[in-house]
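A short write-up of the structure that comes next.
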Amino acid sequence: VEGLSGGGRLDLPFTPSTSLGLEARIGTGDREPNGTASLRWGPEDRYWTLAGYHRLTGVGDWTSPFSLTSSLQNLVLGASIGEFYRATGASLGYSRTGRATRLDLTGFVERHRTVARTTDFSLAGIVRDPVVREVLAADPAETGGGRGSLRWYSGQDPRGLILTAQLLAEVATGDATYRRGVATVSASHPLFGGLAGAVEAGAGALWGDELAQKSFLLGGPYTLRGFDERAARGSSFWRGRAEVASGFAGARVGLFTDAGWAGPRDAFTLDDPLVSVGVGGSLLD
């Protein structure tokens, strides 16, 4: 969508606990300017943020379409990580960080609209005909509501037990009225022979009007490795992951298996999931 995108950010501190942030960028693809203006106040561990924005926003709860990894995959293979749409609106948020938790609460009013892919260049396209998938079409809507997330962890040393949990919730009304919730838990621990093991499980559901951009997508490196990112989609989901890898966190090689299902909430089932098994690697995990 963006092609080659450039931008900048300016932070203006007024006092030790109050600052104004201005961010703008534009891409060679759709050539539509994106920008955010935000006012933040409060100490570092608990602060408020008032923001207005016109920007591309990722679909889903796990992927980051605008990360360096996704950009490189686009450049090399012509395939992004994640779906996205354009959101224009304003928000007021509160964030609090404790010793083992982080709480984020946000009230918002937004207008959503779909975007069209306008770029198809990739290095792979030089040697073969480019096959670039269209962006998931978002449902145009104006909504207002609130969203929140609670993240918890126990343990930081990769040589010991690390536990994490996350709760996500969102409610909105307007052109569409819905309620949405997600829960995930994970654990990792060293194993025998210098290996490390990790497991993760998650589930979620959407009640009310089903906007495409608020549906659950399974597939890709963050949920179902070995599958396309639209392998499963619906108003409810469950997923699980497990892997055994080399113990050095800086560069791991390991075996993994992923399983998951997504579909209509009233047809929720544990039967016939998508399953993958493979070998993978990670750097600076």
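Values for this structure:
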item: Interatomic Cα distance distribution for segment 143-254, bins of 10 angstrom, percent; result: 13, 34, 31, 16, 6, 0
item: Calculated FRET efficiency for the pair Thr36/Arg128, C-beta based, R₀ 35 Å, to 0.05; result: 0.40
item: Neighbour-limited loop hits for GluC sites (Glu not before Pro), segment 103-193 (at most 11 other Cβ within 10 Å; DSSP other than H, G, I, E, B); result: Glu134
item: Over 19 Å [Cα-Cα, segment 202-285], rounded percent; result: 43
item: Computed over segment 150-212, Cα set: Rg, Dmax in Å; result: 17.1, 56
item: Histogram of C-alpha separations across the chain, 10 Å bin width, %; result: 6, 23, 32, 29, 10, 1
item: Ordering of 146-153, 54-61 by packing [mean C-beta count within 10 Å, highest first]; result: 54-61, 146-153
item: The chain, accessible surface, carbon-and-sulfur percent (1.4 angstrom probe); result: 62
item: Convex hull volume of segment 77-210 per residue (C-alpha atoms, cubic angstrom); result: 161
item: Highest-MSF residue in the chain out of Trp261, Trp238, Trp41 [GNM, Cα springs under 10 Å]; result: Trp41
item: Accessible surface, per residue, of the chain when the full set of protein chains is kept, probe 1.4 Å, Å²; result: 54
item: Extent along principal axes [Cα atoms of segment 76-152; Å; largest to smallest]; result: 51, 34, 14
item: For segment 22-126, alpha-carbon Rg relative to the globular expectation (2.2 N^0.38 Å, N residues); result: 1.28
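The values are calculated or read from the model by the stated rules, or taken from the named source; none is laboratory data. Because the structure is predicted, anything quoted here is derived from the model rather than measured. Cβ atoms come from the backbone with ideal geometry, glycine included; neighbour counts cover every protein chain shown. Accessible surface areas use protein heavy atoms only, side chains included; no ligands, DNA or RNA. Shrake-Rupley method; radii C 1.70, N 1.55, O 1.52, S 1.80 Å.
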